[in-house]
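Scroll down for the structure; my scribbles are underneath it.
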Amino acid sequence: MELTSSHKLFKIRAFTALASLLLSAFAYYSNDIINNDGILYMNMAEAYAKGGLAEMMEYTSFNWPFFPILVAYIHQLTTFSFESSAYILNALLFVLLLDSLILISKKFQLDSQQLAVAAILFICFQSFNEYRDFIIRDFGYWAFCALTLYRFIQFIEKPTIANATFWQIAAITAVLFRVEGIAILLGLPFYLFINYTPKAALKQYLKLNYLLILGVAIAATLAIEMSGVTAAFSKITTVTNYINPDVILERFNQKATIIETQVLNQHSVKYSAFILSSGLMFMLFYKVIKAMSLGYLGLYLFSWYKNPKIQAAPYRGLIIYFAALNIIILLAFLFHEYFMSRRYAMVTLISLLLLMLPRLTDTIAKAWTSRSKWLLSIIGLILLIGLVDGITQSRSKAYIKETAIWASQNLPENSTVITDDKIIQYYYQSHQPKATLSKVWVGSYHNDAYQNSFNQIIKDYLNYDYLIVVEKRKNKKIRPILASMKLEQIYSQETKRHNKASVYKILTD
């Protein structure tokens with residue numbers, strides 16, 4: 001019986017891995033252009049392959065380089081391009097993520113049918129699939145956070161040195177992908193104090209962190225000799241800004257003062273702090289609920305209606321604690337940076353999805369057993385919409401890539417080119433250009449400096465032979481400015497939405 005169960009689990013894991021690889025391959029081959037963060041990672045990987053950490057140090061805007069280092073090594077081992085190497089790495093990390101979620105789901109005492117349903121829910125989860133065509137380090141963080149949770153469950157069940165070691169390796173690897181993983185590394189073991197007596201919990205806590213304690217001691221000893229590594233991973237020093245109440249309160253008061261002086265009237269100024277904090281909290285709640293998928297939430301609420309009482313799944317308390325830990329991470333980030341992206345909330349989404357999973361799998365499995373056609377039709381539609389919407393793209397940006405490639409292959413030798421778009425720069429430089437792209441005004445990789453960069457082009461453009469520019473329909477200022485400049489359009493690609501990328505010859509007296 002146990003052998004049969006293990007065989008079924010293996011088949012579910014193998015099916016999930018294969019499906020994930022196929023979806024990642026589809027996302028890769030249907031992707032129009034690389035994402036902005038991906039350009040930075042590819043440049044860093046290339047720099048590391050050429051000159052190691054010292055060469056990477058020129059990218060001072062990013063100081064947590066584990067992901068591009070891995071990409072560089074895969075490139076060297078396979079001879080694939082840096083971009084292909086990154087996609088291979090992310091596809092494998094996605095497999096690890098889904099496999100870890102299935103292993104965690106198995107701990108909820110789901111039967112084989114329910115586990116298969118869980119696998120399908122993970123595969124079709126829209127918020128996962130929307131990022132498959134991205135080159136981002138987040139895949140590694142998500143995957144190793146999920147693996148960290150699974151290995152922690154393994155340690156609770158069997159608190160051996162081996163399980164403690166596996167847990168620490170997973171947790172430290174998550175930190176190497178994103179520095180906020182430190183909160184998981186340090187915070188998750190405190191769950192032991194909820195379930196054990198203080199003495200027993202402390203003993204298990206030290207066992208669970210023996211590798212970390214030794215590592216910190218060794219790192220402190222070698223820090224001076226490893227100054228290059230310390231500088232490359234200097235972002236770890238910024239963690240204190242997210243937990244320092246003085247820094248957070250100072251920034252909060254600055255933002256509240258802006259609302260008080262520029263938004264509210266004199267009778268409402270005392271509510272500025274409340275309006276700011278409640279607005280940020282609502283934004284976080286809205287982002288998480290929207291990313292969770294209305295279809296999945298609807299099914300979950302339906303399961304409550306059909307069966308209000310259901311046996312609590314094992315480790316529910318741990319998953320709630322894990323979710324709370326991640327919400328604290330999000331709040332610290334939100335009240336420091338004052339913005340929120342869906343992918344930053346992904347581990348929180350994973351936690352919530354795991355909490356919903358027993359009810360979702362029970363409802364779907366019962367619908368399948370009873371052959372309820374209307375319910376199965378709705379469930380199938382929800383899964384199909386989530387899958388298709390996640391892996392398809394609504395807007396093509398191939399016109400930017402094709403314009404950059406055309407310019408690299410057709411502009412004459414010894415001529416000089418200027419652009420303000422880093423995507424243009426990336427594809428232009430990666431296709432053996434004849435002309436020299438001598439200056440690029442793109443600001444930093446993480447700041448929107450578009451208007452300043454274009455102003456600089458206007459000031460300097462007569463010193464160059466050609467201009468490559470992306471003209472977005474929403475930016476109504478750019479086309480009148482281009483019309484006033486001494487330019488002759490020699491190539492252009494335009495979309496149905498009237499966004500276009502153009503190559504201009506600069507006319508000089």
Discussion item. Exactly one condition in (1) of a type outside the set (Gly, Ala, Ser); (2) touching a helix residue (DSSP H, G or I) at 6+ places or on another chain (Cβ under 6 Å); (3) without any contact (Cβ under 8 Å) to a residue 40 or more places away in the chain is false for THR436; which is it?
Written reply: (2)
Worksheet item: Which of the residues spanning segment 314-340 are within 25 Å of PRO358 (Cα to Cα) and open to solvent by less than 20 Å² (accessible area, probe 1.4 Å)?
Response: LEU318, ILE319, PHE322, ALA323, ASN326
Worksheet item: Out of segment 303-330, which residues are within 20 Å of the chain's Cα centre (by Cα) and among the polar types (S, T, N, Q)?
Response: ASN326
Worksheet entry | Lone unmet requirement of (1) open to solvent by 20 Å² or more (accessible area, probe 1.4 Å); (2) modelled with pLDDT under 85 for LEU376 | (2)
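Residue by residue, here is whether (1) in a helix (DSSP H, G or I); (2) loosely packed, with under 15 Cβ neighbours inside 10 Å; (3) at pLDDT 80 or above holds:
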{"residue": "SER438", "(1), (2), (3)": "no, yes, no"}
{"residue": "VAL442", "(1), (2), (3)": "no, no, no"}
{"residue": "SER453", "(1), (2), (3)": "yes, no, no"}
{"residue": "ARG473", "(1), (2), (3)": "no, yes, no"}
{"residue": "TYR491", "(1), (2), (3)": "no, no, yes"}
{"residue": "HIS498", "(1), (2), (3)": "no, yes, yes"}
{"residue": "THR508", "(1), (2), (3)": "no, yes, no"}
Item to complete: Considering only segment 254-274, state which residues are surrounded by 14 or more Cβ atoms within 10 Å (Cβ to Cβ) and within 18 Å of PHE333 (Cα to Cα).
Response: LYS255, ALA256, ALA273
Worksheet item: What number of residues in segment 43-79 are surrounded by 15 or more Cβ atoms within 10 Å (Cβ to Cβ), more than 19 Å from the chain's Cα centre (by Cα) and either among the basic types (Lys, Arg) or part of a loop (DSSP other than H, G, I, E, B) (or both)?
Response: 2
Worksheet item: For segment 396-420, what are the residues that are touching a strand residue (DSSP E or B) at 6+ places or on another chain (Cβ under 8 Å) and under 21 Å from ALA45 (Cβ atoms)?
Response: ALA404
Worksheet item: Which one of LEU387, LEU411 is out of contact with any Pro (no Cβ under 6 Å at 6 or more places or on another chain), open to solvent by less than 30 Å² (accessible area, probe 1.4 Å), modelled with pLDDT of 85 or more and hydrophobic (A, V, I, L, M, F, W, C)?
Response: LEU411
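Looking at this structure, is LEU299 in a helix (DSSP H, G or I), of a type outside the set (Asp, Glu), touching a residue at least 12 places away in the same chain (Cβ under 8 Å) and closer than 29 Å to LEU383 by Cβ? Step through it out loud before you land on a result.
Working: in a helix (DSSP H, G or I): yes; of a type outside the set (Asp, Glu): yes; touching a residue at least 12 places away in the same chain (Cβ under 8 Å): yes; closer than 29 Å to LEU383 by Cβ: yes.
Taking the combined requirement at face value, the residue satisfies it.
The values are calculated or read from the model by the stated rules, or taken from the named source; none is laboratory data. Everything numeric here is computed off the predicted structure, so don't read it as measured data. Neighbour counts are summed over all protein chains in view; Cβ atoms, including those assigned to glycine, are modelled from backbone coordinates with ideal geometry. Each accessible area value is taken on the protein alone, full model and side chains, heavy atoms only, with ligands, DNA and RNA left out. Shrake-Rupley method; radii C 1.70, N 1.55, O 1.52, S 1.80 Å.
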